[in-house]
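Inspection log for the structure reproduced underneath, given as structure tokens.
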Amino acid sequence: MAAELSDARASLAGVSNEPGAAKPDAIVSGSNITRTFGGLKAVDVDHIEIPRGVITALIGPNGAGKTTLFNLLTGFDEPDEGEWTFNGTPLAKVPAYKVARLGMVRTFQLTKVLSKLTVIENMRLGATGQRGEKFFSAAFRSLWKSQEDANTVRADELLQRFKLDAKREDFAGSLSGGQRKLLEMARALMVDPELIMLDEPMAGVNPALKQSLLGHVKSLRDEGRTVLFVEHDMDMVRDISDWVIVMAQGKIVAEGDPHSVMADPRVIDAYLGAHHDADLTEAEALIEQEALAELAKEAEDD
């Protein structure tokens, strides 16, 4: 597995830093994907490829279209036009639940745990193809008990891995924000996905859990899975990503390894120019200043 990871990283060495650059082994590939809301074109991607077996970060200023692109790729929203594939399978007009069954799953910035169910019940619901969910077989426990037992064993293993086993019988609604993020990530693994997409996994997580989450994201890659995540925390992007794709105003403006991207003038301009046409609130100005300072520091370090 380590050799495969090394090969996957090495294959990116010769990839161009231009937007939409071709990858030697892309697990997801899409072209001409657009989505408008009223008069706003939220996504306008000419071409995108996600490399297999590595961690890719999708970054950009607020309103760049990152989450909207996530929603389009995973079937939670429909584009105005465009086509994309996962492992060569076209996904246009494929509903979200079928996308997940193919092995492409996602988590959400605002977690989607079922608060009135226990942690273990949330985990069981993550498994697919359950015979006990079918109308006729549901009445006959002997038809689905062995499958549910196997799902429970799998769920308990994941809860132990994510250090949630002590919360097994607690209602999911009683978990902290960070614990909900862990639960959602663990539940996503119930389908044994090839690609896991994380929408701002560090948002609202206290510092004590951040390192744990970082370790779990790295472990997904080390298992041979592909990870694509949206994040504003530049330290996290630099720490764990193998490749970075930058969006601004719905378009991909740059991509490359973390260090080259941080020093790319197009990336600095994307953050600097994010609010040229609007007045900044004091809070927005502070956020922008911090982002620019971080980018400048990365460029200086290099």
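Per Stokes-Einstein, at 10 °C and 1.306 mPa s, what whole-number D in µm² s⁻¹ belongs to the chain, with the Kirkwood radius over Cα pairs as the hydrodynamic radius?
The calculation lands on 78 µm²/s.
Short version: what are the Cα gyration tensor semi-axes of the range 71-161, square root of 5 times each eigenvalue, largest first, in whole Å?
Sorted largest first and rounded, they come to 29, 17, 13 Å.
Using a cut-off of 13 Å between beta-carbons, work out the net charge of the residues near Met104 (Lys and Arg +1, Asp and Glu -1, Met104 not included).
Values: positive: Arg52, Lys98, Arg101, Arg106, Arg225; negative: Asp192, Glu194.
Net charge around Met104: +3.
Have a look at the DSSP beta bridges in the chain and tell me what percent are antiparallel, nearest 5. Write out the running numbers ahead of the final one.
Numbers: 23 of 39 bridges.
Taking every DSSP beta bridge within the chain, about 60 percent pair in antiparallel fashion.
What list of ³J(HN,Hα) values in whole Hz, one per residue of the range 59-65 in order, does the Karplus curve 6.51 cos²θ - 1.76 cosθ + 1.60 (θ = phi - 60°) give from phi, with Gly and Pro shown as x?
Couplings: 10, x, x, 4, x, 6, x Hz.
In 10 Å bins starting at zero, report the fraction of Cα pairs in the range 97-210 per bin as a rounded %.
Distribution as computed: 14, 43, 34, 8, 1 percent.
Do you know the relative contact order of the chain, to the nearest whole percent, from alpha carbon pairs under 8 angstrom that are 6+ apart?
It comes to 24 percent, rounded to a whole number.
Please list, short to long, the whole-number percent of alpha-carbon pairs of the range 156-260 in consecutive 10 angstrom bins beginning at zero.
Taking all Cα pairs of the range 156-260, the binned fractions are 13, 45, 31, 10, 2 percent.
Express in % the proportion of alpha carbon pairs of the range 114-174 at distances exceeding 18 Å. Intermediate values should be presented prior to the final figure.
Working: 717 of 1830 pairs.
Value for the range 114-174 (Cα pairs over 18 Å): 39 percent.
Please tell me which of these pairs span more than 18 angstrom C-alpha to C-alpha: Lys41/Lys251; Lys41/Lys66; Lys116/Lys167; Lys66/Lys98? Spell out each step's value before the answer.
Working: Lys41/Lys251 10 Å; Lys41/Lys66 13 Å; Lys116/Lys167 14 Å; Lys66/Lys98 22 Å.
With Cα atoms farther than 18 Å apart: Lys66/Lys98.
If amide hydrogens are placed 1.01 Å from N in the peptide plane, which non-local residues have theirs closer than 5 Å to the one on Ala254?
Val246
What lysines does Lys145 reach when the alpha-carbon gap must be under 18 Å and sequence neighbours fewer than 8 apart in one chain are set aside?
Partners found: Lys134.
May I ask for the net charge around Trp144, where only other residues with Cβ less than 9 Å from the Cβ of Trp144 are counted and Lys, Arg are +1 while Asp, Glu are -1?
Once positives and negatives cancel, what remains is +2.
What FRET efficiency comes out for the pair Arg161/Gln211, r = Cβ-Cβ distance, R0 = 22 Å, nearest 0.05?
Working from the Cβ atoms, E equals 0.90.
With a Förster radius of 35 Å, plug the Cβ-Cβ distance of Asp7 and Lys98 into 1/(1 + (r/R0)^6) and report the FRET value to the nearest 0.05.
The calculated FRET efficiency here is 0.70.
Within the set of other residues whose C-beta is less than 13 Å from the C-beta of Ala155, count the net charge using Lys and Arg as +1 and Asp and Glu as -1.
Overall, the nearby charge balance is -2.
From the phi of every residue in the range 31-36, what ³J(HN,Hα) in whole Hz does the Karplus formula 6.51 cos²θ - 1.76 cosθ + 1.60 yield, where θ is phi - 60° and glycine or proline is x?
Each residue's phi maps through the Karplus curve to give 9, 6, 8, 10, 8, 10 Hz.
Mind listing the phi-derived Karplus ³J(HN,Hα) values for the range 199-211, rounded to whole Hz, using 6.51, -1.76 and 1.60 with θ = phi - 60°, and x for any glycine or proline?
9, 6, x, 9, 5, x, 9, 6, x, 5, 9, 4, 5
Please provide three numbers in whole Å: the alpha-carbon extents of the range 1-139 along the principal axes, with the largest listed first.
56, 48, 27
Where a number appears in this text, it was derived from the coordinates with a stated rule and is not lab data. Keep in mind that what you see is a predicted model, and the values were worked out from it rather than measured. Neighbour counts run over all protein chains shown; Cβ positions are idealised from the backbone, glycine included.
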